[in-house]
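Below is one structure, written out as structure tokens; comments come after it.
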Amino acid sequence: MKNFLLIFALVFICAGAHAEWVVYQRHAEAEEFHDTTPVSREQGRIKLWTLTDYLKSITTLEGNEVWSEKVLTTIDCENKKMGSEQVIRYAGKQAQGAVVSTMETKLRLASVRSGSADAILLEKLCGQN
């Protein structure tokens, strides 16, 4: 029941919000997007939603197909670190369709690996600070 209420709350909160997704990386398995409007931007940190659209669905341990996932991402521009604290997986592309699963965790920032999709996003967004 608790999970149902959490999913219902997330769907309700997210349904009213309209993100403008901009692609920042395409590769063999997926396309990576970021929302053009950050959730917050303060003290050298940017908090925003990122979105991954898989070109081929992935299957969860429970046997559910996932075509996209939206992640609440924090970027620390000064220290070149990133982390996430919330992940929402969807049955459709572009964060559409049924919510397959959700996860929340304490924010832990990690160094960004050179040449990664995270490095591309960090350079794109932190260069605008």
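The values are calculated or read from the model by the stated rules, or taken from the named source; none is laboratory data. The shown structure was predicted, so the numbers you read here are calculated from the model rather than taken from an experiment. Note that we place each Cβ from the backbone using ideal geometry, even for glycine, and neighbour counts take in every protein chain shown.
The number of residues in the range 41-57 that are among the charged types (D, E, K, R), without any contact (Cβ under 8 Å) to a residue 40 or more places away in the chain and either under 16 Å from residue 20 (Cα atoms) or in contact with a Phe, Trp or Tyr (Cβ under 6 Å, 6 or more places away or on another chain) (or both) comes to 1. Only one of the numbered conditions (1) under 22 Å from residue 27 (Cβ atoms); (2) among the basic types (Lys, Arg); (3) surrounded by fewer than 17 Cβ atoms within 10 Å (Cβ to Cβ) is not met by residue 70, and that is (3). Conditions first: (1) surrounded by fewer than 17 Cβ atoms within 10 Å (Cβ to Cβ); (2) modelled with pLDDT of 95 or more. Residue 14 passes all but one, so which condition is the exception? Failing condition for residue 14: (2). Can you name the residue in the range 74-105 that is β-branched (Val, Ile, Thr) and touching a Ser or Thr at 6+ places or on another chain (Cβ under 8 Å) and, of all such residues, is farthest from residue 57 (Cα to Cα)? Checked the range 74-105; the qualifying residue farthest from residue 57 (Cα to Cα) is 74.
Tell me, please, whether a residue that is under 13 Å from residue 103 (Cβ atoms), of a type in the set (Val, Ile, Thr) and surrounded by fewer than 19 Cβ atoms within 10 Å (Cβ to Cβ) can be found in the range 45-58. Within the range 45-58 (the criterion being under 13 Å from residue 103 (Cβ atoms), of a type in the set (Val, Ile, Thr) and surrounded by fewer than 19 Cβ atoms within 10 Å (Cβ to Cβ)), the answer is no, since none of the residues qualifies. Taken across the range 90-103, residues that are surrounded by 14 or more Cβ atoms within 10 Å (Cβ to Cβ), free of Cβ contacts under 8 Å to residues at least 40 places away in the same chain and part of a strand (DSSP E or B) do occur, with at least one present.
Table: residues versus (1) at pLDDT below 95; (2) more than 14 Å from the chain's Cα centre (by Cα).
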| site | (1), (2) |
| --- | --- |
| 8 | yes, yes |
| 18 | yes, yes |
| 24 | yes, no |
| 33 | no, no |
| 43 | yes, yes |
| 53 | no, no |
| 57 | no, yes |
| 86 | no, no |
| 93 | no, no |
